[in-house]
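Scroll down for the structure; my scribbles are underneath it.
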C-alpha cells in the first residue's frame, strides 16, 4: 500500500481527494491537514465520510508528514505549496500539487499571470505538467507533478488534437467555458459573489481577458503545435450548479477538413486515453460526467465558415482536480493510471 498525505484536506478538492483516496485499492490515507480544523475528526468536516474513516485533521508539520506518508497531494491556495514541498522532495517523497504554483514553467510568465514572484524557480524546471493524455511519459516516475486547472483540463482535451495535427490557426482559438460554483473558489474563502443566492437563477462571466489559466493553456498548446506561439481568447462563466464544467472551443481551420476526418483524428489521438470518450452521437452533458474521471468530447465543423467547434465536459472536482491528481499519482508511482478511478457518473 502507498501511504498518502493530503495537505489542505478541508476544501472542495480536499474532500474529493479524501472520498476517492479512501476507496483507492492501493492507497492508505494516513495524514490529512487543515489548519482551521486541526484535532477535529475528518468525519465532522465531511459528514458523508462517517463510518468510512476515523482520521483526524492535523496542522501541517513537515517532519510529521514525512513520517506518516510516502506521497502527498497538496490542495492549498496558490503560493503555499512552493514554500512547503522542498523538504518532502529532498526526502524522496512524491508530490502532486493542485494549485497553480508549478504549472507555468517560465518564472517571468508566472509572475506576469499570478502577480507574485515565484519562490522556487528551480523547481519549475523539474515539475511535470500532469495531463497524461498529452504525454504520460512526462508523469511516469516524476517526483513533482503540477496538476492542471479544471478549465485547462477541459479546454486542452477539447483542442489538443487540432494543434498537434496543425489543422487550425495558432492565433484563432476562442474558448467559452462554464463551471459549477465549486470551481470558482475555495470552500472556506468563497467570495460572496459566488454564493448560492448570487448564482441561483443567474449566469455570468468573470475573469474576462485576464484569467491566469490562459498561461498554462497557451504554454501546452504551443508545445503541441511545435511551431508558432498559440494565442487565445478565454472567458469563464459561472453556472448555477454545484459541480461540472463545459468548454466550447472555436478555431479557424487551415484547410478543408471534413467532419469524418475530424472525428477520426480525435478517436486516434485519444485511443490510449482511458478517460477521454469521443462521442459518436450527441453532445457532452454534465450529468453524464459528474462524479467520474471522464471527459466527454465532441467535434463539429462548419464548412460555411471553415471553423471547427470542439466541446468537452468534465466534473471540475474530479477530472478537473482530485481525479486527475490521483491519475497522476498512479502513474508517478508505477500503478495503473485507472486505479481507484473506475467508476461512472453520479447521474443516470
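The values are calculated or read from the model by the stated rules, or taken from the named source; none is laboratory data. Given the structure is predicted, the values throughout are model-derived calculations rather than measurements. Please note: Cβ atoms are built from the backbone with ideal geometry, for glycine as well, and neighbour counts cover all protein chains shown.
Would you check if residue 292 is touching a strand residue (DSSP E or B) at 6+ places or on another chain (Cβ under 6 Å), buried (at least 20 other Cβ atoms within 10 Å of the Cβ) and not in a helix (DSSP H, G or I)?
Numbers: touching a strand residue (DSSP E or B) at 6+ places or on another chain (Cβ under 6 Å): no; buried (at least 20 other Cβ atoms within 10 Å of the Cβ): yes; not in a helix (DSSP H, G or I): yes.
Considered against the rule, which asks whether it is touching a strand residue (DSSP E or B) at 6+ places or on another chain (Cβ under 6 Å), buried (at least 20 other Cβ atoms within 10 Å of the Cβ) and not in a helix (DSSP H, G or I), residue 292 comes out as no.
Taking the options 141, 130, name whichever one is surrounded by 24 or more Cβ atoms within 10 Å (Cβ to Cβ) and either over 15 Å from the mean Cα position of the chain (by Cα) or not assigned by TED's automatic domain parsing to the domain that holds residue 259 (or both).
Numbers: 141 fails: surrounded by 24 or more Cβ atoms within 10 Å (Cβ to Cβ).
Within the list 141, 130, the selection yields 130.
Please list, ordered by first then second residue, the pairs with beta carbon atoms under 6 Å, 6 or more apart or interchain, first in the stretch 12-37 and under 16 Å from residue 319 (Cβ atoms), second part of a helix (DSSP H, G or I).
From the stretch 12-37, the pairs are 12/182; 13/321; 13/322; 16/322; 17/322; 20/322; 20/326.
Within the group 97, 106, 101, which residue is within 22 Å of residue 222 (Cα to Cα) and surrounded by 21 or more Cβ atoms within 10 Å (Cβ to Cβ)?
Numbers: 97 fails: within 22 Å of residue 222 (Cα to Cα); 106 fails: surrounded by 21 or more Cβ atoms within 10 Å (Cβ to Cβ).
Unique residue meeting the criteria: 101.
Can you report the number of residues in the stretch 248-261 which are assigned to a helix (DSSP H, G or I) and buried (at least 22 other Cβ atoms within 10 Å of the Cβ)? Before you say what the answer is, go through the steps one by one.
Taking the stretch 248-261 as the starting set, the residues that turn out to be assigned to a helix (DSSP H, G or I) are 259-261.
Those left that are additionally buried (at least 22 other Cβ atoms within 10 Å of the Cβ): none.
Total satisfying the criteria: 0.
Which count do you get for residues in the stretch 112-167 that are over 24 Å from residue 248 (Cβ atoms) and not in a loop (DSSP other than H, G, I, E, B)?
14
Looking at the stretch 42-62, which of the residues that are in contact with a helix residue (DSSP H, G or I) (Cβ under 7 Å, 6 or more places away or on another chain) and in a loop (DSSP other than H, G, I, E, B) is surrounded by the fewest Cβ atoms within 10 Å (Cβ to Cβ)?
50
One line per residue, one yes/no per condition, for (1) within 22 Å of residue 146 (Cα to Cα); (2) in contact (Cβ under 8 Å) with a residue 24 or more places away in the chain:
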residue	(1), (2)
255	no, yes
262	no, yes
282	no, no
311	no, yes
319	yes, yes
329	yes, yes
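Could you tell me how many of the residues in the stretch 86-101 are farther than 12 Å from residue 146 by Cα and either in a loop (DSSP other than H, G, I, E, B) or in contact with a helix residue (DSSP H, G or I) (Cβ under 9 Å, 6 or more places away or on another chain) (or both)?
Here is the first cut: in the stretch 86-101, the residues farther than 12 Å from residue 146 by Cα are 86-93.
Filter again for either in a loop (DSSP other than H, G, I, E, B) or in contact with a helix residue (DSSP H, G or I) (Cβ under 9 Å, 6 or more places away or on another chain) (or both), leaving 86-89, 91-93.
Residues meeting the conditions: 7.
Among the listed residues 282, 267, which satisfies the condition of being at positive phi and surrounded by fewer than 20 Cβ atoms within 10 Å (Cβ to Cβ)?
It is 282.
Does residue 104 count as touching a helix residue (DSSP H, G or I) at 6+ places or on another chain (Cβ under 9 Å) and assigned to a loop (DSSP other than H, G, I, E, B)?
Details: touching a helix residue (DSSP H, G or I) at 6+ places or on another chain (Cβ under 9 Å): yes; assigned to a loop (DSSP other than H, G, I, E, B): yes.
Against the criterion (touching a helix residue (DSSP H, G or I) at 6+ places or on another chain (Cβ under 9 Å) and assigned to a loop (DSSP other than H, G, I, E, B)), residue 104 qualifies.
Of everything in the stretch 63-85, what is surrounded by 14 or more Cβ atoms within 10 Å (Cβ to Cβ) and not in a loop (DSSP other than H, G, I, E, B)? Give them in sequence order. Lay out the reasoning, then the answer.
Here is the first cut: in the stretch 63-85, the residues surrounded by 14 or more Cβ atoms within 10 Å (Cβ to Cβ) are 64-66, 68-82, 84-85.
Selection gives 64, 65, 66, 68, 71, 72, 73, 74, 81, 82, 85.
Hey, residue 230 hits all of (1) in contact (Cβ under 8 Å) with a residue 60 or more places away in the chain; (2) within 20 Å of the chain's Cα centre (by Cα); (3) at negative phi; (4) buried (at least 17 other Cβ atoms within 10 Å of the Cβ) but one; which does it fall short on?
Looking at each condition in turn, residue 230 falls short on (2).
Any residue in the stretch 19-38 that is at positive phi and in contact with a strand residue (DSSP E or B) (Cβ under 8 Å, 6 or more places away or on another chain)? Full working, then the answer.
At the first step, the residues of the stretch 19-38 found to be at positive phi are none.
Looking for residues that are at positive phi and in contact with a strand residue (DSSP E or B) (Cβ under 8 Å, 6 or more places away or on another chain), one finds none in the stretch 19-38, hence no.
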